[in-house]
1. Beyond 30 Å, what percent of the Cα pairs of the chain remain?
2. Calculate what fraction, in whole %, of the accessible area of the chain sits on carbon and sulfur atoms when a 1.4 Å probe is rolled over the protein chains.
3. With only Lys, Arg, Asp and Glu charged, each at its Cβ (+1 for the first two, -1 for the last two), find how big the charge dipole of segment 1-72 is about the Cα centre; round to the nearest 20 debye.
4. Do any GluC sites (Glu not before Pro) in segment 84-182 lie in a loop, going by DSSP, with at most 12 other beta-carbon atoms within 10 Å of their beta carbon, and if so which?
5. Show that you can apply the helix-only estimate: for the chain, add -39,500 (n - 2.57) for every DSSP H stretch of four or more residues, divide by all residues, and state [θ] at 222 nm to the nearest 500.
6. Using a Gaussian network model on the chain with a 10 Å cutoff between Cα atoms, which of Ile15, Ile171, Ile95 fluctuates the most?
7. Charges at C-beta only: +1 for Lys and Arg, -1 for Asp and Glu. How large is the resulting dipole of the chain about its Cα centre, in Debye rounded to 20?
8. In terms of modelled amide H atoms, which long-range or inter-chain residues lie less than 5 Å from the amide H of Leu159?
Amino acid sequence: MYVLGLDISTSCTGIAILHHSGKLQQLNYVDLTKCNTYWDKVDLFREEMKKILFRLDGPVQSIYIEESLQRFRTGMSSAKTLSTLTKFNGVVSFIARELTGAAPEYFNVNTARKSVGISVKRGENAKEKVQEWVEQQIDFNWPTKILKSGPRKGNEVKLKACEDMSDAYLIAAAGIKIVNSN
């Protein structure tokens, strides 16, 4: 039986599937940036999720999802952005439930980090801390690209989607830990 962890956003959704023991089965992302409309994003997510679930040899028993933003953050969110993200989170949650039969549970990202022992001090980059923690947990071939311009031209770097994948892994791992401790 498997656990599905999702980090949902309208640009890139991270997907982690762990065995209920915590062992990584799949780590993916759905790049939604090239979709023209909201509904194109929904349709693409549904199709990619079907493909990912098809590769599993057993059912998804639990779904854990990072809660969407609940309040404004200066320079980062508007009422329209929060509304769109919440709407997309709901539709993706519904699709995940529809495809697996499991009801999603939601975790605040701070609760998730704390449950696995990640401490982010003021001024530290939380995404980097999560990425470092995930890299200590699993051996994984992260998707990369070669920079084509700028001062680091020719350097190989991880895709931005790796942050979403790491967050999805964190949510799945935290879900297992939180549920097992209850």
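The values are calculated or read from the model by the stated rules, or taken from the named source; none is laboratory data. Note that the structure is predicted; figures quoted are calculated from it, not measured. As a convention, Cβ positions derive from the backbone with ideal geometry for all residues, glycine included, and neighbour counts pool all protein chains shown. These accessible areas exclude ligands, DNA and RNA; they are computed on the full protein's heavy atoms, side chains included. Shrake-Rupley method; radii C 1.70, N 1.55, O 1.52, S 1.80 Å.
1. Details: 2813 of 16471 pairs.
Cα-Cα pairs of the chain separated by over 30 Å account for 17 percent.
2. Numbers: 5130 of 10580 Å².
It is 48 percent, rounded to a whole number.
3. Numbers: 8 positive and 9 negative charges, 18 e Å.
Using Cβ point charges on Lys, Arg, Asp and Glu, segment 1-72 gives about 80 debye.
4. Working: sites: Glu98, Glu105, Glu124, Glu128, Glu132, Glu135, Glu156, Glu163; in loops: Glu124.
Sparse-neighbourhood loop GluC sites (Glu not before Pro): Glu124.
5. Working: 5 runs with 79 residues, N = 182.
Mean residue ellipticity, 222 nm, calculated: -14500 deg cm²/dmol.
6. Judging by the Gaussian network model, the answer is Ile95.
7. On the way: 25 positive and 20 negative charges, 110 e Å.
Here the size comes out at about 520 debye.
8. Those lying under 5 Å, H to H, from Leu159 are Thr144, Lys145.
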